[in-house]
1. With unit charges on the beta carbons (Lys and Arg positive, Asp and Glu negative) and the dipole taken about the Cα centre of the chain, which residue among G176, F148, Y91 sits farthest to the positive side?
2. Taking 8 Å as the Cα distance limit and 6 or more residues as the minimum spacing, I'd like the relative contact order of the chain as a percentage.
3. Counting helices only, and only those DSSP H runs with n ≥ 4, report the 222 nm mean residue ellipticity of the chain as the sum of -39,500 (n - 2.57) divided by its residues, in deg cm²/dmol to the nearest 500.
4. Taking the Cα centre of each part, how many Å lie between region 152-217 and region 1-28?
5. So for E77, E92, what's the accessible-area order with a 1.4 Å probe, most first?
6. Per residue, how much accessible surface does the chain expose to a 1.4 Å probe? Answer in Å², no decimals.
7. Sorted by accessible area with a 1.4 angstrom probe, largest first, how do F49, F14 fall?
8. First compute the accessible area of region 4-214 with a 1.4 Å probe, then give the percent of it belonging to carbon and sulfur atoms.
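The values are calculated or read from the model by the stated rules, or taken from the named source; none is laboratory data. The model shown is predicted, which means the values in this text are computed figures rather than measured ones. Cβ sites come from the backbone with ideal geometry, for glycine too, and all protein chains shown count toward neighbours. For the accessible areas, the whole protein counts, side chains as well, though only heavy atoms, and no ligand, DNA or RNA atoms are used. Shrake-Rupley method; radii C 1.70, N 1.55, O 1.52, S 1.80 Å.
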Amino acid sequence: MPLLIAPSILSADFSNLKAGIDMINTSEADWFHVDVMDGVFVPNISFGFPIMKALKEHAQKMLDVHLMIVEPDRYIEEFKKAGAGLLTVHYEACTHLHRTLQNIKHHGMKAGVAINPHTPISALADIIRDIDVVLVMSVNPGFGGQKFIPHTFDKVLRLKQLIIESSAKTKIEVDGGVDLDNALPLMRAGADILVAGNTIFSSPNPKECIKFLKDPL
Ligand code: DX5
Ligand code: ZN
């Protein structure tokens, strides 16, 4: 099965966001990856609801919203209203992760859990069947354009094993430093969805780049 590709609009030109949205709409990309940062959970602030509103108006593909914020429970309803189809919270930001996931699903969204590079796969063993998508961070969250952490390959392999052993239907998404070289080994390790920001938006031909990432064989 070809990979799903979720271009990260964090790397788009915000002075001409519509052009970035149109590029994704007319490309082979599958989702819009939307990085929300609060300056507390991560050392950076990205954007919030006004930008999401603009996105929702023009995006013709699912909004894959990656919350890098503390206390995500406070905003679940608002993100649903803002158009999120998949809402991903960080494992490290949730004290009552099971409750948070139920709440996301209750609001009619798919529920994702992101794990930082230092968080072991084993931490998900007792919750994996409740997770629609695990977002494996292959950089420390906070900024686009960072270098891919190679240990991610091993984590994806172990996550895939956990999913199979648990008879779960969870999909694996990888985020951070994804490029034309690591897409194929990530797919072989078990990734289903790749997020890419810098690689796509700094490419001379973003649509061709998306096409390659989708089918890197
Ligand atoms: C990092 C974000 C990523 C980022 C990916 O905190 O979660 O989604 O935008 O950008 P690249 O592909 O440039 O690493
Ligand atoms: Zn992200």
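1. The residue sitting most towards the positive pole is Y91.
2. Computed over the chain, the figure is 22 percent.
3. Helix contribution divided over all residues of the chain: -9000 deg cm²/dmol.
4. That distance is 16 Å.
5. Descending order: E77, E92.
6. Accessible area per residue, the chain: 46 Å².
7. Ranking F49, F14 by accessible area, largest first, yields F14, F49.
8. 52
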